[in-house]
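Shown next, in C-alpha cells, is the structure this report addresses.
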Amino acid sequence: MEKSAFFKTKVSSNYFEVRNEISLKTEESDFKASSTYEIVMKKTPDEDYDLFVDRLKFKVNGKEIENKFSKVSDEYFKCIFPIKLLLNEESFELANYEEIKNRIIEKDRQLQDEMEGDGLKYIRDQFFEKTNSYEKLSEFIFSLGIIKTLESAMQRYSFEKKSKFDWTSPIVGKTVWQLKNADEAKVSGEYIYQNSDQSELLNHFNQYRIENNLEEIKEEVLIKSALKQQINYANETLFFTESKTDISIEIGSFLDYQETLFLKSVM
C-alpha cells in the first residue's frame, strides 16, 4: 500500500506518559482504579507499515499487578504490543496480525505449562474470543482508548470523520457518540459529543445485569452521558503534545461511570 503523503509530512515519532482513571459505582460495588503506562509511537517511513506503537511500564494504582488472575489477563494482553499500523486516509489498519497471533500462541503455551484451572480457562476463553481472527483482533485493538485517541489526533483535518466517535467501556461496552460542538484553535481542538442512542446504553447495561443474575431495569430512569476530548498540538502539524478524554455515563441510581484518559508527550 502506498503511504499517504499527508502522513509522511505531518506525523512525528513521540513518547507519551498515559494515565487512565476509572470510577465505577453500581448497586453492588464502588470501584476506583488508576493505571499508568508509557507509549512509544514511532514513525516508520522506510518500513512496510506507518506507525509502531508499544506499551511500557504498566502499573495499576502505582504498583505492579499483584493479583494472580489480573496478572494472567495482562500477560495475554501484553502480546498485542507492539502494534504496527498502516494509515489509510487518516484511519488505522492493522499491519502485523500474524506477528501478534504468534506471540499470543507462544504466551498461551507458556501459561498453560505453568498453570491450570477454571480461572485460567475463563481468562483464556475470553481473550481468544476477542482475538482469534484478523477481524476480531482489529476490532479489539481499535476499541482501545489509547488507539482511539491516537486515531482521533490523526484526524485533525478530517472534520467529517470526527462527526462520529465510539468508545468502549466496562459494563456498557461500545457506545457511539455524535459530534455536538467543536472549538478549534490554531494549536488545539476541543470536541464535545453526545450519545446517539440513550436507549442503547440501557440495553447494554441490562444485558450486563442479566448476565450477572441481577434484575433487569424496567422502569423509566434518567440517563445522562457526556464525552469530551481536548487535543493540543505543538504547531499546525499532527505532532500533538497532550490529549484528555473525559467520559461520563449515569443510569439513574444504578450506574455512575466516569473515565479520564490523559496522554502527555515527554519528548
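Read-outs: derived from the displayed coordinates by stated rules, not from any lab. Bear in mind the structure is a predicted one, so any value in this text is a computation, not a measurement. FYI the Cβ positions are ideal-geometry reconstructions off the backbone, even for glycines, and counts take in every protein chain you see.
Would you calculate, for the chain, the mean residue ellipticity at 222 nm contributed by helices, counting each DSSP H stretch of 4 or more residues as -39,500 (n - 2.57) and dividing by all residues, to the nearest 500?
Rounded to the nearest 500, it is -9500 deg cm²/dmol.
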message: For the ranges 73-85, 123-135, what's the packing order if you count other beta-carbon atoms within 10 Å of each residue, average per peptide, and put the highest first?
response: 73-85, 123-135
statement: Rh_Kirkwood(region 73-173) over Cα pairs, Å, one decimal, evaluates to 15.1 Å
- request: Pairs of Cα atoms under 8 Å, at least six residues apart: use those to get the relative contact order of the chain, whole percent.
  value: 20 percent
message: Testing the spin-label approximation: label points 7 Å from Cα along Cα→Cβ at Q230 and S143. State their distance in nm.
response: 2.9 nm
query: Based on Cα positions only, what radius of gyration and what Dmax would you give for region 41-122, in angstroms?
result: 15.6, 46
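Quick check: net charge around I65, other residues with Cβ under 9 Å of its Cβ, Lys/Arg +1 and Asp/Glu -1?
0
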field: Exposure proxy ranking, count of Cβ atoms within 10 Å, fewest first, for F31, F142
entry: F31, F142
- line: region 101-190: relative contact order from alpha carbon pairs under 8 Å, six or more residues apart, as a whole percent, is 13 percent
- line: Given the candidates I105, T44, Y257, the one whose Cα lies deepest towards the positive end of the charge dipole of the chain, counting +1 at each Lys or Arg C-beta and -1 at each Asp or Glu C-beta, is T44
- prompt: Between A182 and E98, what length in nm is gained on full extension when 0.36 nm per residue of separation is reduced by their alpha carbon distance?
  reply: 26.4 nm
- prompt: Per-residue HN-Hα couplings for region 220-225, Karplus 6.51 cos²θ - 1.76 cosθ + 1.60 at θ = phi - 60°, whole Hz, x for Gly and Pro?
  reply: 5, 10, 7, 10, 10, 8
message: Which of the three applies to region 125-253, rounded, prolate or oblate, going by the alpha-carbon gyration tensor with a ≥ b ≥ c and a/c under 1.5 meaning rounded?
response: oblate
- request: For an R0 of 30 angstrom, estimate the FRET efficiency from the Cβ-Cβ distance between E242 and F31 and round to the nearest 0.05.
  value: 0.65
Cut-off under 5 Å, modelled amide H: who pairs with D50 long-range: L85, L86, L87
- line: the chain -> Rg/Rh from Cα coords, Kirkwood Rh, value 0.97
field: In Hz, Karplus ³J(HN,Hα) per residue of region 136-145 (6.51, -1.76, 1.60; θ = phi - 60°; x = Gly, Pro)
entry: 5, 5, 4, 4, 5, 4, 7, 8, 5, x
task: Find how much the distance from K107 to D125 grows on full extension, using 0.36 nm per residue of separation minus their present alpha carbon separation; answer in nm with one decimal.
output: 5.1 nm
query: When the Debye formula is applied to the Cα atoms of region 194-267, each taken as the same point scatterer, what base-10 log of I(q)/I(0) results at q = 0.13, 0.20 Å⁻¹?
result: -0.54, -0.85
message: Can you tell me the length gained on complete extension of the stretch M115 to E216, counting 0.36 nm per residue apart and subtracting the Cα distance?
response: 32.7 nm
